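Chemist: Mind having a look at this structure? Questions to follow.
The values are calculated or read from the model by the stated rules, or taken from the named source; none is laboratory data. Remember, predicted model here, so these are calculated numbers, not experimental data. When we count neighbours, we look across all protein chains shown, and the Cβ atoms used for this are built from the backbone with ideal geometry, even at glycine. Keep in mind that these areas ignore ligands, DNA and RNA; they rest on the heavy atoms of the full protein, side chains included. Shrake-Rupley method; radii C 1.70, N 1.55, O 1.52, S 1.80 Å.
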Amino acid sequence: MDEAVFVRAKEFARKVFEGDSSGHDIYHTIRVHDLARTICASEGGDEDTVRLAALLHDVDDRKLFGDNGYANARGFMGAEDIPEEIQNRICTIIGQISFKGKDSVVPDTLEGKIVQDADRMDAIGAIGIARAFAYGGSKGRAIYIPGDDPKTGMSEKEYFSNQGTSVNHFYEKLLLLKDMMNTETAKEMAQSRHNFMISYLDEFMEEWNGRI
Ligand code: ADP
Ligand code: NI
């Protein structure tokens, strides 16, 4: 695929996310693209598919657009004259990668697995911590409420209607992601980000309880 297609895909995503403060800014998309490319370099898979799926993975996010039949991704790819078969492949990946509690799916292609790993990687570690509190703030959620326990094993429906605190989100999603990575490359990368979140939460509780 021509490099110009990726440049235009990035610009398309930038326009879609303009003004969003729910953690879906263009930089998330760019990080997922770069991470997916890195993972692809060691895991194999078709790089063009990985790159295009990564750049378009959130442009039809259902939290922002509802169930729109991938209208934005298809609109972009149609205008680029990308063949129907490739469009379908990209939309399948986009539909399979998102986190849905215990209803999350493992993508059936290596390219899908790589993009899912990259998207999840950007939800953990230092960046993941920032995104969780940014998202919580945008929804008016509390940082932490003592005695308000995390919910485990949520279904897709429960996960999307959950109104919990941002600290609970670590236990409900972020700390689970390390073991949900598909590729060996991502599993290795995820370990240090995971450890960092554990240290962060330890420190958070020490400070909350006035111990340090
Ligand atoms: P992604 O782009 O990885 O699919 P989402 O759309 O699920 O992520 O959410 C965007 C960001 O906001 C992610 O980093 C995610 O972990 C975070 N987030 C999602 N739901 C919550 C929540 N209930 N509380 C705090 N952070 C959340
Ligand atoms: Ni994403």
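Chemist: Counting just the residues of the range 157-180 that are away from ligand 1 (no atom under 13 Å from the Cβ) and modelled with pLDDT of 95 or more, which one comes out least open to solvent (accessible area, probe 1.4 Å)?
Modeler: Residues of the range 157-180 that are away from ligand 1 (no atom under 13 Å from the Cβ), as a first pass: 157, 178-179.
Still in the running and modelled with pLDDT of 95 or more: 178-179.
Values: Lys178: 39, Asp179: 119 Å².
Per the criteria, the residue is Lys178.
Residues are listed down the side, and each one gets a yes or a no for (1) closer than 16 Å to Thr29 by Cα; (2) open to solvent by 10 Å² or more (accessible area, probe 1.4 Å):
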residue: Leu52; (1), (2): yes, no
residue: Leu56; (1), (2): yes, no
residue: Asn72; (1), (2): yes, yes
residue: Ile82; (1), (2): no, yes
residue: Gln116; (1), (2): yes, no
residue: Arg141; (1), (2): no, yes
residue: Asp148; (1), (2): no, yes
residue: Ser155; (1), (2): no, yes
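Chemist: Quick one: which helices (runs of 4 or more DSSP H) sit completely within the range 121-192 and have at least 2 residues that are among the polar types (S, T, N, Q) and farther than 19 Å from Leu35 by Cβ?
Modeler: On the way: elements: 125-138, 156-161, 166-172.
Counting at least 2 such residues, we get 166-172.
Chemist: Out of (1) of a type outside the set (A, V, I, L, M, F, W, C); (2) touching a residue at least 24 places away in the same chain (Cβ under 8 Å); (3) assigned to a loop (DSSP other than H, G, I, E, B), the odd one out for Asp81 is which?
Modeler: If we test Asp81 against (1) of a type outside the set (A, V, I, L, M, F, W, C); (2) touching a residue at least 24 places away in the same chain (Cβ under 8 Å); (3) assigned to a loop (DSSP other than H, G, I, E, B), just (2) comes out false.
Chemist: Further question on the same structure: Scan the range 103-114 for residues that are crowded, with 24+ Cβ neighbours inside 10 Å and either within 14 Å of ligand 2 (Cβ to nearest atom) or on the phi > 0 side of the Ramachandran plot (or both) and jot them down.
Modeler: The initial filter retains those residues of the range 103-114 that are crowded, with 24+ Cβ neighbours inside 10 Å, namely 111-112, 114.
Across the range 103-114, the qualifying residues are Gly112, Ile114.
Chemist: Something else now. For the range 21-33: of the residues being in contact (Cβ under 8 Å) with a residue 12 or more places away in the chain and open to solvent by 40 Å² or more (accessible area, probe 1.4 Å), which is farthest from Leu64 (Cα to Cα)? If you could, list the steps in order and put the result at the bottom.
Modeler: Pass one, the range 21-33, residues in contact (Cβ under 8 Å) with a residue 12 or more places away in the chain: 21-24, 26, 28-33.
Then drop every residue that is not open to solvent by 40 Å² or more (accessible area, probe 1.4 Å), which leaves 21, 31.
Values: Ser21: 11, Arg31: 20 Å.
Restricting to residues being in contact (Cβ under 8 Å) with a residue 12 or more places away in the chain and open to solvent by 40 Å² or more (accessible area, probe 1.4 Å), the top hit is Arg31.
Chemist: Name the residue that is farthest from ligand 2 (Cβ to nearest atom), counting only residues in the range 88-102 that are open to solvent by 20 Å² or more (accessible area, probe 1.4 Å) and assigned to a helix (DSSP H, G or I).
Modeler: Taking the candidates together, the pick is Asn88.
Chemist: Does Asp67 meet the test of being over 22 Å from Ala186 (Cα atoms), more than 16 Å from ligand 2 (Cβ to nearest atom) and open to solvent by 30 Å² or more (accessible area, probe 1.4 Å)? Spell out the reasoning first.
Modeler: Values: over 22 Å from Ala186 (Cα atoms): yes; more than 16 Å from ligand 2 (Cβ to nearest atom): yes; open to solvent by 30 Å² or more (accessible area, probe 1.4 Å): yes.
Considered against the rule, which asks whether it is over 22 Å from Ala186 (Cα atoms), more than 16 Å from ligand 2 (Cβ to nearest atom) and open to solvent by 30 Å² or more (accessible area, probe 1.4 Å), Asp67 comes out as yes.
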